[in-house]
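In what follows, a single structure is set out as structure tokens and then discussed.
The values are calculated or read from the model by the stated rules, or taken from the named source; none is laboratory data. Just so you know, these numbers come straight off a predicted model, no measurement behind them. A quick note on method: Cβ atoms are made from the backbone with ideal geometry, for glycine too, and the neighbour counts reach across all protein chains shown. Calculation scope for accessible area: heavy atoms of the full protein, side chains included, ligands and nucleic acids excluded. Shrake-Rupley method; radii C 1.70, N 1.55, O 1.52, S 1.80 Å.
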Amino acid sequence: MLSKKIFGVISLGCDKNRVDTEKLLGLLKEKGCTTTDDLSKAQIVIVNTCAFLQTAREEAINTVFECVAYKSRNLEKIVVTGCLPQKFIEELFEPLQEVDVFLGICDYEKIFEALELSYRTKERQNYVGKGADGYRKARVLTTDEHYAYLKIADGCYNHCTYCLIPKIRGKYRSYPMEKLIEEAQSLGEISELILVAQDSTRYGEDLYGENRFVELIRKLSSLDNIQKIRLLYCYPDVISDELIEEMATNDKVLKYIDIPMQHSENRILKLMNRKGTREGYLLLLKKFREKIPDIAIRSTFISGFPSETEEEFEGMKAFIQEAQFFNCGFFAYSKEPDTAASRMKGHIHHATKKRRVKALYQIQESISANILSKFVGKKIQVVCDGIDYDKDCFVGRAYFSAPDIDGKVYFNACEAMQGESYTVLIEKTDSYDLYGKTEDYLI
């Protein structure tokens, strides 16, 4: 019966959640189900949720209520999956009467059983925790066809005091290397494979008793269908000299790395239960730049952590100036339930946090603009992501830009194919984007 239903799927949150959604779509495809992007035509809607921050939880609940409006049309069942029910099912089950089925992060295989029971009994079903944390290879990509994310592990060991992830996703669990290689091979021709996990750099420690992140990179690099590999979410305290050397010598690994540092001042880092120090971070950046002069380093920082003083905030501003990140994201500390930081003293007023984040972004905007200005008059390789119809030109990314989080390269060309690489002469820049033309357009 369910194979004849039309499914709509909404994915919220991070790229790791996106991979979960893609594997859920793969499960639907295996069962012969039809999917649609038009919710007005869907008979069953699945909302895969994020619960990392209060804002994410609010977005998830608002999305569910938006779906409820379609129940007056074709919509028969609403399924809520992922992080939100995994952590907050007791708080959600009774209030969200409009939801017919709840699934947690490891329960996707149970979706058909739960839905069939819901149809048969006409009762709401709570299947959170009834599944198994099994690895699945089959996926339906929701990114542009030429790039894909490869989720190499789930869960987290780090227990940062502000973070809910270990309470939601559990302990760090690496996926078997041979299965990841098979999955990467199954993706087809990929111009860019992006490795993700809550902490990518710890890959293998739980499964093999030793770190095998570099080994995984080497094996993925040997695949003919993968042109380039990008590394995201590499925790600074686990980055080894071996990884830096691999990035320097492996032509398939883009000279780009995302290193979430979260703060620069040692007292706050200790309160966050982060293992790094200001001095150690600067030494790591120096190592990278000595070995890979053109490395593009991205990071993220939290401002307004409980008891953060104005002096410590000024220290972080000075650190950002010294670090000279290619790009950087800043977030105001969010007080999340059931975290150690939520119970700390000295919580900072929202307006102060907002002011500090704005000031940090202003510093980074100037740094990024200065870095990009050095590309004016130079030719760079750009992978075409498609057409920007508002700007009436092609749009793509250079090695220093990850999808969705970094800047873009807008360029004119006689023609350009999505997923193909082009040499672009950069003519101008703004704070985060570059603008130019291909060589053939210049003729």
Computed over the stretch 380-422, the distribution of all Cα-Cα distances in 5 Å bins, rounded to whole %, is 6, 26, 37, 23, 8, 1
One finds the C-alpha centres of the stretch 201-251 and the stretch 27-66 to be spaced, in Å, by 33 Å
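Working out 0.36 nm times the residue gap between Thr277 and Thr35, then minus their Cα-Cα distance, what length gain in nm do you get to one decimal? Present the calculation step by step, with values, prior to reporting the outcome.
Numbers: separation 242, 0.36 × 242 = 87.12 nm, distance 4.82 nm.
Residue separation times 0.36 nm, minus the Cα-Cα distance, leaves 82.3 nm.
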Percent antiparallel among DSSP beta bridges confined to the chain, nearest 5, equals 30 percent
Ignoring ligands and nucleic acids, Val9 exposes an accessible area, probe 1.4 Å, in Å² to the nearest 10, of 40 Å²
Rounded to two decimals, the Rg over Rh value of the stretch 35-187 from Cα coordinates and the Kirkwood Rh reads 0.98
Filtered hits (aspartates and glutamates, Cα-Cα < 12 Å from Lys317, offset >= 8 within chain) -> Glu265
Two pseudo-spin positions, 7 Å from Cα along C-beta at Glu76 and at Ala248, lie apart in nanometres by 6.1 nm
For the stretch 110-119, in residue order, the Karplus 3J(HN,Hα) values (coefficients 6.51, -1.76, 1.60; θ = phi - 60°; whole Hz; Gly and Pro = x) are 8, 4, 6, 4, 5, 5, 4, 5, 5, 5
Relative contact order as a percentage, the chain, C-alpha pairs under 8 Å and 6+ apart, gives 9 percent
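When the Kirkwood radius is taken over all Cα pairs of the chain, what Stokes-Einstein diffusion coefficient follows at 25 °C and 0.890 mPa s, in µm²/s? Display every interim value, and only then the final one.
Numbers: Rh = 23.4 Å.
For these conditions, the coefficient is 105 µm²/s.
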Within the stretch 284-326, the residues whose backbone N lies under 19 Å from a label point placed 7 Å from the Cα of His349 along the Cα-to-Cβ direction are 303-314
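Could you rank Val376, Val409 by how accessible they are, 1.4 Å probe, largest area first?
Working: Val376 65, Val409 0 Å².
The ordering from most to least exposed comes out as Val376, Val409.
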If the label point sits 7 Å along Cα→Cβ of Asp440, residues of the stretch 383-426 with amide N under 11 Å come out as 413-417, 422-423
For the chain, longest principal axis from Cα atoms; helix 83-92 axis from its Cα atoms; angle between them, nearest 10 degrees, is 50 degrees
Expressed in angstrom and rounded, the centroid-to-centroid distance over alpha carbons for the stretch 346-409 and the stretch 70-120 is 38 Å
With Cα springs under 10 Å, the Gaussian network model of the chain assigns the largest mean-square fluctuation among Lys31, Lys77, Lys353 to Lys31
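Using the Cα centre of the chain as the reference point, and only Cβ charges (+1 on K/R, -1 on D/E), how large is the resulting charge dipole? Debye, rounded to the nearest 20.
Numbers: 62 positive and 68 negative charges, 180 e Å.
Computed charge dipole of the chain: roughly 860 debye.
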Rounded to one decimal in nm, the spacing of the 7 Å Cα→Cβ label points at Glu365 and Glu420 is 3.7 nm
Cα-Cα longer than 32 Å, checked against Lys71/Lys171; Lys252/Lys275; Lys252/Lys287; Lys31/Lys408, kept in input order, equals Lys71/Lys171; Lys31/Lys408
Karplus-derived 3J(HN,Hα) from phi for the stretch 348-357 (6.51 cos²θ - 1.76 cosθ + 1.60, θ = phi - 60°), whole Hz, x at Gly and Pro, runs 9, 4, 4, 5, 5, 4, 4, 5, 5, 5
For Val253 the rounded accessible area (nearest 10 Å², probe 1.4 Å, non-protein molecules ignored) is 0 Å²
SASA check, Asp433, accessible area w/ 1.4 Å probe, all protein chains in place, rounded to nearest 10 Å², comes out at 30 Å²
